[in-house]
Amino acid sequence: MMKWLIKAVDGLALVLYWISGFLLVVMMLSVVFDVISRGLFAATDGNVDITFVGGIELVKYSLLFSMLCAFPYAVDKGQIVVDLFTQGWSDRTQRWTDGFYTLCFGIFGGLLCWRFALAGEEAEMSGELTQDLLMPMSPIYWVASFALAVLALRGVVAGLAQWVGPLKEANR
């Protein structure tokens with residue numbers, strides 16, 4: 001059962017990671033098109049106007065979602081560790097420390113998920129819209145909450161796997 005859960009969570013995190021990469025490309029293309037269109041507008045003294053409203057919001061939300069979608073995949077992929085302090089520790093102590101850190105990161109993701117879900121409910125009730133594109137904010141908060149839920153689940157599963165997995169192998 002546990003192996004199935006780990007594979008499912010890892011697969012979902014990988015899908016979100018690919019979405020993150022796609023969103024980075026979208027963000028880059030939005031910036032390039034916005035710069036070109038503004039440059040063309042300035043060069044033609046306003047005669048050619050292909051500028052668009054909401055370019056900054058597109059970049060802002062693409063960045064938000066690309067980061068949130070990358071977190072679940074990267075949560076256990078090499079955290080910053082100060083080797084000066086940990087190099088003399090046993091492998092078991094390092095595993096436990098890494099597992100504890102990953103578990104805490106998962107808990108933090110769960111808290112952020114909860115807060116974004118509350119913000120989504122509040123935005124739904126108030127009808128909050130984005131500033132430029134006038135899109136409803138509640139789906140934005142809920143998508144962010146989903147990505148953070150995956151981060152929380154993967155952080156907890158990966159943290160526990162760091163604690164339990166290697167110890168089971170050592171007992172064989």
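Determine whether Leu111 is modelled with pLDDT of 95 or more, surrounded by fewer than 19 Cβ atoms within 10 Å (Cβ to Cβ), out of contact with any strand residue (DSSP E or B) (no Cβ under 7 Å at 6 or more places or on another chain) and among the hydrophobic types (A, V, I, L, M, F, W, C).
So Leu111 fits the description; yes.
State all residues of segment 20-57 that are open to solvent by 70 Å² or more (accessible area, probe 1.4 Å) and either among the hydroxyl-bearing types (Ser, Thr, Tyr) or touching a residue at least 40 places away in the same chain (Cβ under 8 Å) (or both); if no residue qualifies, say none.
Once the filter is applied, which keeps residues that are open to solvent by 70 Å² or more (accessible area, probe 1.4 Å) and either among the hydroxyl-bearing types (Ser, Thr, Tyr) or touching a residue at least 40 places away in the same chain (Cβ under 8 Å) (or both), segment 20-57 yields Leu24, Val53, Ile56.
Can Gly99 be described as within 16 Å of Ala13 (Cα to Cα), open to solvent by less than 60 Å² (accessible area, probe 1.4 Å) and touching a Gly at 6+ places or on another chain (Cβ under 6 Å)? Walk me through it before giving the result.
Details: within 16 Å of Ala13 (Cα to Cα): no; open to solvent by less than 60 Å² (accessible area, probe 1.4 Å): yes; touching a Gly at 6+ places or on another chain (Cβ under 6 Å): yes.
So Gly99 does not fit the description; no.
Identify, from the list Ala170, Ala158, the residue that is open to solvent by less than 30 Å² (accessible area, probe 1.4 Å), under 19 Å from Met2 (Cβ atoms) and at pLDDT below 90. First the steps, then the outcome.
Values: Ala170 fails: open to solvent by less than 30 Å² (accessible area, probe 1.4 Å).
That would be Ala158, the only listed residue that is open to solvent by less than 30 Å² (accessible area, probe 1.4 Å), under 19 Å from Met2 (Cβ atoms) and at pLDDT below 90.
A quick yes/no check of all residues on (1) under 30 Å from Arg95 (Cα atoms); (2) touching a strand residue (DSSP E or B) at 6+ places or on another chain (Cβ under 6 Å); (3) part of a loop (DSSP other than H, G, I, E, B):
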| residue | (1), (2), (3) |
| --- | --- |
| Trp4 | yes, no, no |
| Gly11 | yes, no, no |
| Tyr17 | yes, no, no |
| Val32 | no, no, no |
| Ile50 | no, no, yes |
| Ile56 | no, no, no |
| Pro72 | yes, no, no |
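From (1) in contact with a Pro (Cβ under 8 Å, 6 or more places away or on another chain); (2) within 30 Å of Val32 (Cα to Cα), pick out the condition that doesn't hold for Val53.
Of the numbered conditions (1) in contact with a Pro (Cβ under 8 Å, 6 or more places away or on another chain); (2) within 30 Å of Val32 (Cα to Cα), the odd one out for Val53 is (1).
The values are calculated or read from the model by the stated rules, or taken from the named source; none is laboratory data. No experiment lies behind these values; they were computed from the predicted model shown. Every residue, glycine among them, receives a Cβ derived from its backbone with ideal geometry; neighbour counts consider all protein chains shown. Surface areas here come from the heavy atoms of the whole protein model, side chains and all, with no ligands, DNA or RNA. Shrake-Rupley method; radii C 1.70, N 1.55, O 1.52, S 1.80 Å.
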